[in-house]
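The values are calculated or read from the model by the stated rules, or taken from the named source; none is laboratory data. All values reported here derive from a predicted model rather than from experimental measurement. Cβ: placed from backbone, ideal geometry, glycine included. Neighbour counts: every protein chain shown.
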Amino acid sequence: MPKVLIANRGEIAVRVIRACRDLGLGAVAIYSDCDRNALHVRLADEAWHVGPSSARESYLRIDAIVDAAKRSGATLVHPGYGFLAENATFARACADAGLTFVGPRPEVVALMGSKTAAREAALKAGVPVVPGSAAPFAADASDAAIIKEADRVGYPLVVKAVAGGGGKGMRTVASREALVNAVRTARSEAQSSFGDAAVYLERRLIEPRHIEIQLLADEHGTVLPFVERECSIQRRHQKVVEESPSMALPPATRLEMAAAAARVAKAAGYTNAGTIEFLLDRDGRFYFLEMNTRLQVEHPVTELVTGIDLVQWQLRIAQGDRLDVAPEQALTPRGHAIECRIYAEDPDTGFLPSPGLVRALSVPGGPGVRDDRGVAAGFEIPVFYDSMIAKLAVWGQTRTDAVARLARALDEYRVVGVKTTVPFFQWLVRQPAFLDGAFDTTYLDRVLADRRGRPFVEPTSADEDAATITAALAAWFRAHRAAAGRNEVGTRFFDDLSENESRPRFNWRRAARTEALRSS
Amino acid sequence: MTFEVEIQGRTRTVSIESVGAAGPEGGRFRVVLDGVPRSVCARATDLGLLLTDERDGRTSDVAVTERAAGEWMLQLPHVALTAVVDGRRFRRRGGGPAPVAGEQRVTAPMPGRVVRVLVKVGDEVALRQGLVVVEAMKMENELASPKAGRVKEVAVTEGTSVESGRLLVIVE
């Protein structure tokens, strides 16, 4: 039975493990110090330690990962998304070590991974691109040179990392004053996220929609484009909700876009799974934005409307299988699917990260609900990696059905111990613009700015009273524990409720007795 | 015992008096909330407390997590609240900027790593001017000055790992 090493963590590692199981392949996990008891480690057939918690010393360590693959006897390496998924050096290192990288060939990763080279490839395939700079800035480019290039591209513009992805290393700039600062922060973020500080400029289209085409391509020349996904609900360039199909795309444009995507992929000699992202302007014209040479976070919505398992196909294509899916099946959506990315962030404090111990987790279920997650109760969400902990995807016969199901599923979601973006989604799915599909990539940042941090779910006065009394009771127990002495058995009370322990125990009688003694 | 509980931007006074046990994992309490007495039964759950108001039988399931010393996160089924019990000034959350006067301590809102320090001691800063950039979960979070004033102290340097609540900068 061939084994697959999954060079990733979190929900995507879990997703790939499941595909391995479905195909009867062995699943090998890797982990860093803080991920010793992570869900992907527990679910895999075997797990190998690759280094300390910092991503640079573990999930980005090419030598350690290739070594783990060899020691485990894995013959395939699935990179997931993020980390080394679009790193040509990693793809090459796998090939050099005799491992099959589940993805395109290293030179294709390099070509399409450079956003500027990919734009050129799209132009050559006859696909329009968003206007922007032809080449990235040199590392030592002067402020004057940057300003001059920006004037040529025109404002508003977007500073983008050449190696970027997932909204990292990206800044929107409205005018010249903010430019130099934006370039600096984008470079710093790009360096820390991708190990490559190169950035370039792109014109910002007015109120565009983000629409993308999933592709599968086998090693025998078949390229299969899928029905589009729309990912226009973004916060700071980071997708937070994705759906398929788009409400904005007429079927004729869908076919044109799919054909354009397939042309780019064919011209690049693309193999395995990839996605071509487009922007759709207000007049219904589309522009090539970039290509992701890997599986995407939002792949479940495509799986839900086509019934095709993309991760299984990735593994099969990597083993040389022929892609024998009927083109109509991939291009014809059956019903509607929507996905929410659930982050360990506090939506009521401007989405600040909320790492910590997940003390309990209750996940929605029932018809049409799919939950892909990478955490379990008892796991401490580390500060070292992305804050996404789960993806909630729903399917409905129509978009209206899907939205209703999403609202229902979100109400069932409960994560105790850390704050999550669930309350934000509960609010979002009830907004008229969301219900009507009347949004573009600027929608969310605009409405969030208008709300100025008003909480997404308002507590009732009874909720507030209960919370106040509970907080006081917690402090009361804490005081009694201190009075009774730390080492005495049975005096741990709320200590057990702190983040350090997941199983609280109370001793009410002792606490009451201690108080009686103190007051007598 | 009486506590001051800062919650949802206001301070409430709660006094707690134990009046006996209620089953192996429960206790009964006389609680006075902002001067109004009530009788409460509290039972431990695996995650916190099940509170019952003995007057009308209304029950609330509240999960309790201590996020930092004296700062409690209280999660009801559909809403999470933060309360600070007796102690530090309440850090105002949401609802727009509050008028602030006097010395202001800017602390790390979450654990992470300082990637940039944007000011030095003696700098004049404007309201909402960036002071320190803390990276956590791959995102850079710029922490801004709560007031216009002068930087009195910078307690961290670039590369410092910080825990939640750690002092970063004092603005006076």
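Results for (1) part of a strand (DSSP E or B); (2) touching a Ser or Thr at 6+ places or on another chain (Cβ under 9 Å), shown as yes or no for each residue.
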position: B:106; (1), (2): yes, yes
position: B:120; (1), (2): no, no
position: B:128; (1), (2): no, yes
position: B:133; (1), (2): yes, yes
position: B:140; (1), (2): yes, yes
position: B:143; (1), (2): yes, yes
position: B:147; (1), (2): no, no
position: B:152; (1), (2): yes, no
position: B:156; (1), (2): no, no
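Given the residues A:462, A:474, A:404, which is the only one that is among the aliphatic types (A, V, I, L, M), in contact with a helix residue (DSSP H, G or I) (Cβ under 6 Å, 6 or more places away or on another chain) and either over 28 Å from residue A:171 (Cβ atoms) or at pLDDT 95 or above (or both)?
Residue meeting the stated conditions: A:474.
Of the residues that make up segment A:164-175, is at least one more than 19 Å from the chain's Cα centre (by Cα), of a type in the set (Ser, Thr, Tyr) and closer than 21 Å to residue A:119 by Cα?
The answer is yes; a qualifying residue exists.
Could you identify the single residue in A:467, A:404 that is surrounded by 23 or more Cβ atoms within 10 Å (Cβ to Cβ), out of contact with any Asp or Glu (no Cβ under 7 Å at 6 or more places or on another chain) and not basic (Lys, Arg)?
Details: A:404 fails: surrounded by 23 or more Cβ atoms within 10 Å (Cβ to Cβ).
Criteria check complete, one pass: A:467.
Please work out which residue is nearest to the other protein chains (Cβ to nearest Cβ), limiting yourself to segment B:28-68 and to residues that are among the acidic types (Asp, Glu) and assigned to a strand (DSSP E or B). I'd like the intermediate steps shown before the answer.
Taking segment B:28-68 first, the residues among the acidic types (Asp, Glu) are B:34, B:46, B:53-54, B:56, B:61, B:66.
Next, only the ones that are assigned to a strand (DSSP E or B) stay: B:53, B:61, B:66.
Numbers: B:53: 8, B:61: 9, B:66: 4 Å.
So, considering only residues that are among the acidic types (Asp, Glu) and assigned to a strand (DSSP E or B), the one nearest to the other protein chains (Cβ to nearest Cβ) is B:66.
Hey, does segment A:178-190 have a residue that's modelled with pLDDT of 90 or more, more than 21 Å from residue B:136 (Cα to Cα) and in a loop (DSSP other than H, G, I, E, B)?
The answer is no, given that none of the residues of segment A:178-190 is modelled with pLDDT of 90 or more, more than 21 Å from residue B:136 (Cα to Cα) and in a loop (DSSP other than H, G, I, E, B).
Taking residue A:171 as the residue in question, decide whether it is surrounded by fewer than 20 Cβ atoms within 10 Å (Cβ to Cβ) and either in contact with a strand residue (DSSP E or B) (Cβ under 7 Å, 6 or more places away or on another chain) or among the charged types (D, E, K, R) (or both).
no
Need at least 3 residues that are surrounded by 24 or more Cβ atoms within 10 Å (Cβ to Cβ) per element, so show me which strands (runs of 3 or more DSSP E) inside segment A:1-86 make the cut, counting only ones lying wholly within it.
Filter on segment A:1-86 gives A:3-6, A:26-32.
Taking segment A:325-355 as the region of interest, how many residues are out of contact with any helix residue (DSSP H, G or I) (no Cβ under 7 Å at 6 or more places or on another chain) and in a strand (DSSP E or B)?
6
Kindly provide the set of residues from segment B:125-143 that are more than 30 Å from residue A:9 (Cα to Cα) and touching a residue at least 24 places away in the same chain (Cβ under 8 Å), ordered by number.
Hits for segment B:125-143 are B:125, B:127, B:128, B:131.
Hand me the list of strands (runs of 3 or more DSSP E) wholly inside segment A:191-278 holding 3 or more residues that are in contact with a His (Cβ under 8 Å, 6 or more places away or on another chain).
Result: A:229-235, A:238-244.
When segment B:108-128 is examined, which residues are found to be modelled with pLDDT of 85 or more and within 12 Å of another protein chain (Cβ to nearest Cβ)?
Selection gives B:108, B:112, B:113, B:115, B:116, B:118.
Which one is nearest to residue A:422 (Cα to Cα), of the residues in segment A:444-464 that are among the acidic types (Asp, Glu) and surrounded by fewer than 18 Cβ atoms within 10 Å (Cβ to Cβ)? Even if it seems obvious, please write down each step before you answer.
Kept after step one, since they are among the acidic types (Asp, Glu), are these residues of segment A:444-464: A:445, A:450, A:458, A:463-464.
Next, only the ones that are surrounded by fewer than 18 Cβ atoms within 10 Å (Cβ to Cβ) stay: A:445, A:450, A:458.
Details: A:445: 17, A:450: 20, A:458: 14 Å.
For segment A:444-464, the residue satisfying everything is A:458.
Sort out for me the strands (runs of 3 or more DSSP E) sitting completely within segment A:356-405 that have 2 or more residues that are closer than 25 Å to residue A:307 by Cβ and more than 14 Å from chain B (Cβ to nearest Cβ).
Output list reads A:369-373, A:388-396.
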